[in-house]
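Shown next, in structure tokens, is the structure this report addresses.
The values are calculated or read from the model by the stated rules, or taken from the named source; none is laboratory data. Since we're looking at a predicted model, the values are computed, not measured. Every residue, glycine among them, receives a Cβ derived from its backbone with ideal geometry; neighbour counts consider all protein chains shown.
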Amino acid sequence: MKKIFSRTLYTIACISLAFSCKPKLETPAIDKGSLNLTTYVAIGNSITAGYADNALYRNGQENSYAKLLAEQFQLAGGGAFKIPYVDPNSVGIGSTGGARLALTYVTDACQGTYLTPRPVEASGDVTIFASVYAAQGPFNSFGVPGAKSFHVPFAGYGNSANGVGNYNPFFTRMAADEATSSMLTDALARNPTFFSLFIGNNDVLLYALSGGAQDAITPTGTFDASIDATVNALTAVSPQGVIANVPDITSLPYFTTVPYNGLVLDATQAAGLNALHAGSDASFHEGANGFLIADAAATGGKRNAVAGEFILLSTPQNDLKCTGLGSQTALPTQYVLTATEVAAIQAATIHYNNKLKTVAEAKGLAFVDANAFLKSAIKGITFDGINVSTTFVSGGAFSLDGVHLTHLGNALLTNEFIRSINAKYRSTIPEVDITKYHGVVFP
């Protein structure tokens, strides 16, 4: 596999023909270049927060790319970086109230004993949502799980008085003032000298995660106005910063782990399903078939999934293998992204990324192509002897929710940020030693 990351500069000097040539490792001196790293603030969503394994929990926070980046900045004289930490003993909590996931051995009559992600407790830790501002603030990290572009300047985004669905408890816990704070105003109150902005993922991702059944793709006009408002306000205080773009959902194992044509049949099974679904648009043959999915526009309300459509990781895997879901009964829409939905998501993503790059260039900011970074990881990369890919569980880059990065994935992403920053500001901030970080932990 092609080695696409480099961390050090090698100089080979041959003393004489009597001696073998040996590499001499030369590490550039740490130099902040033109950077002012006195006060760094990070604005973003769950990735910035260190959310992983389907929950916000302490170990994930401690290994977020924002935290790792701040630590490397500190080697060049950067200031303190305060994070709204959860209790280190907490099981964490996710956007749907569950505890963090861990690989667990499960035994059932159909599949026997196997490893699968399971919550470590029956429910998540709701005490996390209590405000920690008085005890820990003010903060430098404004990573808010679930945040979209237009939430960044939204005053009262943490105000519980707005009612369920109209505020974000992950921001409530860190807001300077629950009723009036926005992510942006609290970040600006820190008088930042450098900022990172990694936002826009959720503007398409929340729609995609629901199979298009919930939420909505943020209109491009709304996205553009929100990015302009955010970046204009930040650069009015600090002209230095870095912006990252939005990864394509097809880089995430949540969408690619279950193949659309993962229904493998013998001739007898295919004949039986053809009889069962006679009169519909579904048809089956010996070999690999597209899973049976619900589609109101199809004859009989069902058809086979086709190339370019995605079966989501949220699909009950045991039911796919053991109860006839996706073969005898159609997969409901919340478990499928159709070609039409995928096209809408990708069109929005392209627009968002064009906007983010244009703004970064216009404002003279560093730019991180996170989209390209994850696409390169699909085929697998090797760095310092470590093999990394986006393959679910075994690849090392993504945590057990199939959406958020592992410690190792965050370390690699941090180095993408550092390379872009160094190139823009003529600095030599050292990259993270990825050998110190791990992927998914096996029992």
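Observations, loosely collected:
- Qualifying residue in segment 356-370 (condition: under 21 Å from the mean Cα position of the chain (by Cα), aromatic (Phe, Trp, Tyr) and crowded, with 23+ Cβ neighbours inside 10 Å): no
- From 43, 93, residue being among the β-branched types (Val, Ile, Thr) and in contact with a Gly (Cβ under 7 Å, 6 or more places away or on another chain): 93
- Residues located in segment 158-210, provided they are without any contact (Cβ under 8 Å) to a residue 60 or more places away in the chain and either hydrophobic (A, V, I, L, M, F, W, C) or not assigned by TED's automatic domain parsing to the domain that holds residue 66 (or both): 161, 164, 171, 175, 176, 179, 188, 189
- Residue match in segment 429-438 (condition: within 18 Å of residue 244 (Cα to Cα) and touching a strand residue (DSSP E or B) at 6+ places or on another chain (Cβ under 6 Å)): no
- Counted residues, segment 373-394 - those being in a loop (DSSP other than H, G, I, E, B), within 15 Å of residue 250 (Cβ to Cβ) and either under 17 Å from the mean Cα position of the chain (by Cα) or not charged (D, E, K, R) (or both): 3
- Criterion: in a helix (DSSP H, G or I), surrounded by 22 or more Cβ atoms within 10 Å (Cβ to Cβ) and aromatic (Phe, Trp, Tyr) - qualifying residue of 223, 195, 139: 223
- Qualifying residues in segment 142-169 (those that are assigned to a loop (DSSP other than H, G, I, E, B) and within 20 Å of the chain's Cα centre (by Cα)) - the one surrounded by the most Cβ atoms within 10 Å (Cβ to Cβ): 144
- Residues that are buried (at least 23 other Cβ atoms within 10 Å of the Cβ) and farther than 24 Å from residue 189 by Cβ within segment 41-62 comprise 52, 53, 54, 55, 57, 60, listed in sequence order.
- Residues considered: 107, 116. Of these, the only one that is surrounded by 14 or more Cβ atoms within 10 Å (Cβ to Cβ) and in a strand (DSSP E or B) is 116.
- Within segment 321-368, tally of residues that are of a type outside the set (Asp, Glu), assigned to a helix (DSSP H, G or I) and at pLDDT 95 or above: 26
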